[in-house]
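The values are calculated or read from the model by the stated rules, or taken from the named source; none is laboratory data. All of these numbers come straight from a predicted model, not from anything done at the bench. So basically every Cβ, Gly included, is an ideal-geometry build from the backbone, and we count neighbours across all protein chains shown. What goes into the accessible areas is simple: the full protein's heavy atoms, side chains included, and nothing from ligands, DNA or RNA. Shrake-Rupley method; radii C 1.70, N 1.55, O 1.52, S 1.80 Å.
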Amino acid sequence: MKKLFTAILITTTVALGGAWVTSASGEQIRACVNKSTRATKIITPKQKCKKSEKLVSWSASGATGATGATGATGATGATGATGATGATGATGATGATGSAGAAGATFQATTAVAVTADATLTTDEVLTSRLFVRADGAAVGDLILRTPTAAQLIAALTTKRGVTTAVGDTFEIICINIESTFNENFDIAAGTGLTFGGASGSNYDITVANETVGRFIFVVTNVTASSEAIIYYRT
């Protein structure tokens, strides 16, 4: 059999001008092989072999070969051109309104209050008028101006601003002593719940000497009912 196919491989191009002849279906190749000489000739589907020949046939196409190995990854291509800028997005929804900020600590408007005698100041005088003036010759001797209580001031401050008073809130008063006579002073004394934070006997104590100006800052330190407290300083 090995010799038979060897002969076929050698002589397959001799018949029909060397052309391959296949069956009508195109799937088989037919040939006649001489039994003695092993000479082979390709025949058409209609031809027949002689008695001295043997008919052989084989597939016109071989079996599908195995899939080849995956080729190496190609080089990275060049970066493409930058695309056109996209359309502007729609405007986002308006954010929620922020909470109201705390009210300012001090009032700016002032109305002068004449200092002519000892007195306990009202909350309106401290929080609204805010300016105390002793005119030259308006009184004799030292005068004392006493503040309202801490509870009264804190309540009035809340009412006046419309915002609950909190620890750290501040307000101020200004005291002017125009008196020319030496030692004709006036003092800013503390009402209940107030404490002076400066040093006695210094330029920063509660006494406004003649021909000087005193500015006092009040700081809320406790707003608990029945424990209200304010400390004040001279600047």
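Can you tell me the dipole magnitude for region 121-169 around its Cα centre, using point charges on the Cβ only (Lys, Arg +1; Asp, Glu -1), in Debye to the nearest 20? Before the final figure, lay out each step's value.
Values: 5 positive and 5 negative charges, 30 e Å.
Its charge dipole is roughly 140 debye.
So if each residue of separation counts as 0.36 nm, and I subtract the Cα-Cα distance between T224 and I174, what length gain in nm does that give? List each step's numbers first, then the result.
Details: separation 50, 0.36 × 50 = 18.00 nm, distance 2.75 nm.
Extending this stretch completely gives an extra 15.2 nm.
Of the residues V33, V133, ranked by 1.4 Å probe accessible area with the largest first, the sequence reads V133, V33.
Counted by Cβ distance under 13 Å from L143, the other residues give a net charge of -3, where Lys and Arg count +1 and Asp and Glu count -1. When the solvent-accessible area of region 49-204 is split by element, carbon and sulfur atoms take up 54 percent of it, the probe being 1.4 Å. Across region 142-153, rounded Karplus estimates of 3J(HN,Hα) from the backbone phi angles (6.51 cos²θ - 1.76 cosθ + 1.60, θ = phi - 60°) give 6, 10, 10, 10, 9, 6, x, 6, 4, 4, 5, 5 Hz, Gly and Pro being marked x.
Can you compute the FRET efficiency between V213 and K160 using 1/(1 + (r/R0)^6), with r the Cβ-Cβ distance and R0 = 30 Å? Round to the nearest 0.05. That gives a FRET efficiency of 0.75. Taking amide H atoms as placed 1.01 Å from N in the peptide plane, the amide H of V208 lies under 5 Å from those of F186, D187, I188, each 5 or more residues away in sequence or on another chain. Gyration tensor analysis over the Cα atoms of region 137-235 returns equivalent ellipsoid semi-axes of 28, 13, 11 Å (largest first, whole Å).
Counting only heavy atoms of the protein chains and using a 1.4 Å probe, D142 has close to 90 Å² of accessible surface.
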